[in-house]
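The values are calculated or read from the model by the stated rules, or taken from the named source; none is laboratory data. Everything quoted here is computed from the prediction, not taken from an experiment. Reconstructed Cβ throughout: ideal geometry from the backbone, glycine too, with neighbour counts over all protein chains shown.
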Amino acid sequence: MKITALAGGIGGARFLRGLTQSEKVTREVDVTVIANTGDDIWVHGLRVCPDLDSIMYTLGGGISAERGWGREGETFTCKDELAIYRVEPTWFGLGDKDLATHLIRTTSLNAGYPLSEVTQALCDRWKPGVDLIPMSDQRCETHVVVDHPETGARVAMHFQEWWIRYGATLPAHEFIQVGLDTAQPAPGVIDAINNADLILLPPSNPVVSIGTILAVPGILDAIRNASAPVIGLSPIIDNAPVRGMADACLRAINVETNAAAVARHYGSRSNGGILDYWLIDQRDSDSLGEIEELGITARAIPLLMTDVNSAGAMANSALDLVLGN
């Protein structure tokens, strides 16, 4: 069996950890993860890929359990020294262990290797147990159009600045993927979709994680035309994001922050969308009928990932719904 998942960072990584350790995923199951690279940013001359690294570290056993990003047992000596020099950006910090990953990645990219090959080489160390592929080898960075907090002028800033420096408190007018016009799916992405027996959308941000992956030319059409069923898990529980500030992103595209609205945003494949199945939390069970009317098969289960076992239970429920076991 071949499972292909589209994933962002922390939420996607935690779900994938549950999936790969699920009782229903055996050695006969191959999992391919197409990861969002819209969050990528150059910091101090280094290429940082937050979502790729969060997935790689989480599945490889090196993630900081407390933060959900970066390395366990991390130190920030270099960050502190840069702050003394007053080198910007001071709002984006890299850990000392994490720096090694970015140094290797940047050196390899500068030598001419594509991001997909560099990611594979990094995974040789971490052995995440999945085939981890960036959505594109080309630059496709998410920028956010906002009113500048000091001048009031309409400006575009990198997603990371909006998300981290300003905590997504500046109302977003629009999201723009810089480089999207020349981006192509990375090698293996379309094949992973076409050859899948099941396509999964973990509980990642529907706008700037899953949405950015779908924006890469060719990926959305491939999913719409795939023979495999597509099942998604809601990142919204009880009208609020499970983690992060997805509500700020949804407001920017005029989508309400609730499980049914996100399902409507994705749409059913029978009506030109991408979903066949949609799992929502039990606290949102009153919207099951509304989702079913969209042409999407829906079920309500516990969706809060408190630990690897709860994430595994979510993955088992997703597989049960589709496979009918």
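Out of the stretch 273-291, which residues are more than 21 Å from D221 (Cβ to Cβ) and outside any helix (DSSP H, G or I)?
Those that are more than 21 Å from D221 (Cβ to Cβ) and outside any helix (DSSP H, G or I): L279, I280, D281.
Look at the stretch 252-288 and say how many of its residues are more than 16 Å from S317 (Cα to Cα) and acidic (D, E).
3
Which count do you get for residues in the stretch 165-186 that are in a helix (DSSP H, G or I), within 16 Å of P134 (Cα to Cα) and not hydrophobic (A, V, I, L, M, F, W, C)?
Filtering the stretch 165-186 down to residues in a helix (DSSP H, G or I) leaves 165, 180-182.
Next, only the ones that are within 16 Å of P134 (Cα to Cα) stay: 180, 182.
Among the residues that remain, those that are also not hydrophobic (A, V, I, L, M, F, W, C) are: 182.
Counting residues in the stretch 165-186 that are in a helix (DSSP H, G or I), within 16 Å of P134 (Cα to Cα) and not hydrophobic (A, V, I, L, M, F, W, C) gives 1.
Report, ordered by the first and then the second residue, all pairs with beta carbons closer than 7 Å, sequence separation of six or more or different chains, a first member in the stretch 220-240 that is surrounded by fewer than 22 Cβ atoms within 10 Å (Cβ to Cβ), and a second member that is in a loop (DSSP other than H, G, I, E, B) and of a type in the set (D, E, K, R).
A228/D197; P229/D276
For the structure I just gave you, tell me whether R17 is closer than 20 Å to I164 by Cβ and either among the basic types (K, R) or without any contact (Cβ under 8 Å) to a residue 12 or more places away in the chain (or both).
Judged against the criteria, R17 is not a match.
Taking the stated definitions as given, is G129 touching a residue at least 12 places away in the same chain (Cβ under 8 Å) and in a loop (DSSP other than H, G, I, E, B)?
Working: touching a residue at least 12 places away in the same chain (Cβ under 8 Å): yes; in a loop (DSSP other than H, G, I, E, B): yes.
Yes: the conditions hold for G129.
Being more than 24 Å from A313 (Cβ to Cβ) and assigned to a loop (DSSP other than H, G, I, E, B) is the requirement here; does T37 meet it?
Answer is yes for this residue.
Filter the stretch 137-164 down to residues that are part of a strand (DSSP E or B) and touching an Asp or Glu at 6+ places or on another chain (Cβ under 8 Å) and give me whichever is nearest to D40 (Cα to Cα).
Among those that are part of a strand (DSSP E or B) and touching an Asp or Glu at 6+ places or on another chain (Cβ under 8 Å), it is E141.
The rows are residues; the columns are (1) buried (at least 17 other Cβ atoms within 10 Å of the Cβ); (2) aliphatic (A, V, I, L, M); (3) modelled with pLDDT under 95; (4) under 30 Å from M1 (Cβ atoms).
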{"position": "A35", "(1), (2), (3), (4)": "yes, yes, no, yes"}
{"position": "R47", "(1), (2), (3), (4)": "yes, no, no, no"}
{"position": "E66", "(1), (2), (3), (4)": "no, no, yes, no"}
{"position": "A100", "(1), (2), (3), (4)": "no, yes, no, no"}
{"position": "I104", "(1), (2), (3), (4)": "no, yes, no, no"}
{"position": "N110", "(1), (2), (3), (4)": "no, no, no, no"}
{"position": "P114", "(1), (2), (3), (4)": "no, no, no, yes"}
{"position": "A121", "(1), (2), (3), (4)": "no, yes, no, yes"}
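Which members of the stretch 224-245 meet the condition of being part of a helix (DSSP H, G or I) and among the charged types (D, E, K, R)?
R224
Counting just the residues of the stretch 292-312 that are surrounded by fewer than 18 Cβ atoms within 10 Å (Cβ to Cβ) and in a helix (DSSP H, G or I), which one comes out farthest from the chain's Cα centre (by Cα)?
So the residue we want is E293.
Condition (residue is within 19 Å of the chain's Cα centre (by Cα), within 29 Å of Q21 (Cβ to Cβ) and either of a type in the set (G, A, S) or surrounded by 19 or more Cβ atoms within 10 Å (Cβ to Cβ) (or both)) applied to the stretch 83-96: is it met by at least one residue?
no
To keep it simple, each residue is scored yes or no on (1) in contact with a strand residue (DSSP E or B) (Cβ under 8 Å, 6 or more places away or on another chain); (2) modelled with pLDDT under 95.
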position: G11; (1), (2): no, yes
position: R14; (1), (2): no, yes
position: Q21; (1), (2): no, yes
position: V25; (1), (2): yes, yes
position: T32; (1), (2): yes, no
position: G38; (1), (2): yes, no
position: I41; (1), (2): yes, no
position: L52; (1), (2): yes, no
position: M56; (1), (2): yes, no
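Residues of the stretch 25-80 being of a type in the set (K, R) and over 18 Å from A186 (Cβ atoms), which ones?
The initial filter retains those residues of the stretch 25-80 that are of a type in the set (K, R), namely 27, 47, 67, 71, 79.
Residues satisfying the conditions are R27, R67, R71, K79.
How many residues are of a type in the set (S, T, N, Q) and closer than 20 Å to D221 by Cα when one looks only at the stretch 256-272?
Here is the first cut: in the stretch 256-272, the ones of a type in the set (S, T, N, Q) are 257-258, 268, 270-271.
Filter again for closer than 20 Å to D221 by Cα, leaving 268, 270-271.
Going through the stretch 256-272 one residue at a time, the tally reaches 3.
Would you check which residues across the stretch 59-118 are of a type in the set (S, T, Y) and assigned to a loop (DSSP other than H, G, I, E, B) and list them?
Within the stretch 59-118, S64, T75, Y85, T90, Y113 qualify.
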